[in-house]
1. Could you check region 1-26 and list, in sequence order, the residues that are open to solvent by 80 Å² or more (accessible area, probe 1.4 Å) and not in a strand (DSSP E or B)?
2. Among the numbered criteria (1) touching a Ser or Thr at 6+ places or on another chain (Cβ under 7 Å); (2) more than 18 Å from Asn26 (Cβ to Cβ); (3) not β-branched (Val, Ile, Thr), which one does Phe77 miss?
3. Phe101: within 18 Å of the chain's Cα centre (by Cα), under 21 Å from Gln3 (Cβ atoms), open to solvent by 30 Å² or more (accessible area, probe 1.4 Å) and at pLDDT below 90, yes or no?
4. Can you name the residue in region 27-57 that is surrounded by 13 or more Cβ atoms within 10 Å (Cβ to Cβ) and part of a strand (DSSP E or B) and, of all such residues, is nearest to the chain's Cα centre (by Cα)?
5. If a residue has to be surrounded by 12 or more Cβ atoms within 10 Å (Cβ to Cβ) and closer than 20 Å to Phe21 by Cβ to count, how many in region 62-94 make the cut?
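The values are calculated or read from the model by the stated rules, or taken from the named source; none is laboratory data. These figures come from a predicted structure and were not determined experimentally. Using ideal geometry, Cβ is built from the backbone for each residue, glycine included, and neighbour counts are taken over all protein chains shown. The accessibility values were calculated without ligands, DNA or RNA, using every heavy atom of the protein model including side chains. Shrake-Rupley method; radii C 1.70, N 1.55, O 1.52, S 1.80 Å.
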Amino acid sequence: MSQFTDIIEEKCPKCGRGKVFYKKGNPLLFQMPGMHDNCRVCGHKFEREPGYFFGSMYVSYALTVAEMIAVFLVAQFFIKSYIGMISLIAVFSVLLSTFNFRLSRMVWIYMFDGKKNRS
C-alpha cells in the first residue's frame, strides 16, 4: 500500500498493519479520538518525546483553512447572508474537528516516522 492510503486508514508508519487510533472520537458528544501509545503489531512508539505532536497543530490549521475555503466556495452559490455563511463554516469546522485531529497527527507521524521496515 502507498503511504497515502496508510495515512487515511490510520496505519502504523513502521509496519503498516497496526492501527494508530483505538477511538475515532465524536465532536457532537465532546469525545476526543483515542491514540495508542505503541503499535499493537510491531511495538513502534508513536509519541517519540513529550510535545511531539505540537507541530501537528500547524498541519491541522492548514487542513481546516483549506476545508473552510472549500465550504465557502461551494456555499456562496446557495447562501447569500453573511451570518448564514459564518454559521455554516462554524458548523463544518466543529463537525470536522476530530477528523482533522486524526489526519493531522497521521500526517505529522508520517513526515517524521514514515520509513517503513516491512519484511
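1. Met1, Gln3, Phe4, Ile8, Arg17, Lys24
2. (1)
3. Considered against the rule, which asks whether it is within 18 Å of the chain's Cα centre (by Cα), under 21 Å from Gln3 (Cβ atoms), open to solvent by 30 Å² or more (accessible area, probe 1.4 Å) and at pLDDT below 90, Phe101 comes out as no.
4. Applying the filter and picking the extreme gives Met35.
5. Going through region 62-94 one residue at a time, the tally reaches 3.
Let's see how each residue does on (1) touching a His at 6+ places or on another chain (Cβ under 7 Å); (2) more than 19 Å from Leu96 (Cα to Cα):
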residue	(1), (2)
Cys12	yes, yes
Asn26	no, no
Asp37	no, yes
Ser56	no, no
